[in-house]
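Here's the structure, in structure tokens; my notes come after.
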There are 2 protein chains.
Amino acid sequence: MTNYLDTFFTALGDPTRRAVIERLTQGPATVSELHAPHDMALPTFMKHLARLQDAGLVHSTKQGRTRTVHIETAALAQAEDWLKTQRRVWENRLDRLAELAENSNSH
Amino acid sequence: MTNYLDTFFTALGDPTRRAVIERLTQGPATVSELHAPHDMALPTFMKHLARLQDAGLVHSTKQGRTRTVHIETAALAQAEDWLKTQRRVWENRLDRLAELAENSNSH
DNA sequence: AAAAAACTTAGCCATTTAGGTAACTATATT
DNA sequence: AATATAGTTACCTAAATGGCTAAGTTTTTT
């Protein structure tokens, strides 16, 4: 029962990876540029990039020896949708309860 | 550098836990009721509930021997905010790029 | 041609995670 | 009083995660 939301949410469940996403909203960047602010070995950092790519949050292209990473616009919206749906259902339910409460008051 | 978003997103990165959240939008439920549709041992399932509670996604109260679990309304909205912010920054950036492109066309 | 830069691959390690069983506690039911 | 129900606690295991180092490949630069 594995869902795209699994890899998506766990990808965002790490501060390094969220920082990368935040950085990428400012525009594409190379692996080295993305790595620079993070105090960890490059291979370790590359694994984080791989997780982001598996989650469909970024894609990358290589030119010569440098790889440039881009944010994937659609992915953020998808998870936002899931959260929005859950919240909407919840709030509708609260509204119905409120109505029921009002009606029973008027008895 | 641990953030409330860490526990939040990883809590949602599991299908069992997302199913529990979806169920709870329909209204509160006891541990047994929540457990019933999931083919796993109860102690295992309880750990999932604990993760949801740590993430601030649910809370629960015990009456007699039964514990009732409720969804925590505010939490979903917080993560939605994070995603919305990232998407907004990204889209603003695309808009600025589009303007630049238009301006350089008019030369 | 040699050296530096920018990744990549391979493999190691500690901790966390997601699953399980067994045994226990506390409350209802009969 | 005895039994069943609803959780809870304690502990075990396999796999995934997040970190590392060392060594390799492929471009650029000098």
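For A:Thr16, state whether it is in contact with a Ser or Thr (Cβ under 7 Å, 6 or more places away or on another chain), in a helix (DSSP H, G or I), within 11 Å of DNA strand D (Cβ to nearest atom) and closer than 30 Å to B:Pro15 by Cβ. So A:Thr16 fails the test. Considered as a group, the residues in the stretch B:19-29 that are assigned to a helix (DSSP H, G or I) and open to solvent by less than 30 Å² (accessible area, probe 1.4 Å) include one that is farthest from the other protein chains (Cβ to nearest Cβ), and that residue is B:Val20.
Applying the criterion of being open to solvent by 60 Å² or more (accessible area, probe 1.4 Å) and of a type in the set (Val, Ile, Thr) to the residues of the stretch A:37-84, the residue that is nearest to B:Arg23 (Cα to Cα) is A:Thr73. Looking for whichever is within 19 Å of the chain's Cα centre (by Cα), hydrophobic (A, V, I, L, M, F, W, C) and within 14 Å of DNA strand C (Cβ to nearest atom) here; the options are A:Ala19, A:Ala50, A:Ala74. Which one fits? Matching residue, one of A:Ala19, A:Ala50, A:Ala74: A:Ala50. Of all residue pairs spaced 6 or more apart or on separate chains, those with beta-carbon atoms under 6 Å, a first member in the stretch A:28-43 that is β-branched (Val, Ile, Thr) and a second member that is open to solvent by less than 80 Å² (accessible area, probe 1.4 Å) and not in a loop (DSSP other than H, G, I, E, B) are A:Thr30/A:Thr66; A:Thr30/A:Thr68.
Do the conditions hold for B:His48, that is, is it of a type outside the set (A, V, I, L, M, F, W, C), under 18 Å from B:Leu24 (Cβ atoms) and part of a strand (DSSP E or B)? So B:His48 does not fit the description; no.
For the stretch A:51-73, residues that are away from DNA strand D (no atom under 16 Å from the Cβ) and part of a helix (DSSP H, G or I) total 1. When each of B:Leu76, B:Leu94 is tested for being in a helix (DSSP H, G or I) and in contact (Cβ under 8 Å) with a residue 12 or more places away in the chain, the lone residue that passes is B:Leu76.
The values are calculated or read from the model by the stated rules, or taken from the named source; none is laboratory data. Values in this document were obtained by computation on a predicted structure and should not be read as measured data. Note that each Cβ is placed from the backbone with ideal geometry, even for glycine, and that neighbours are counted across all protein chains shown. Remember, those area values only see protein heavy atoms, side chains included, never the ligands or the DNA or RNA. Shrake-Rupley method; radii C 1.70, N 1.55, O 1.52, S 1.80 Å.
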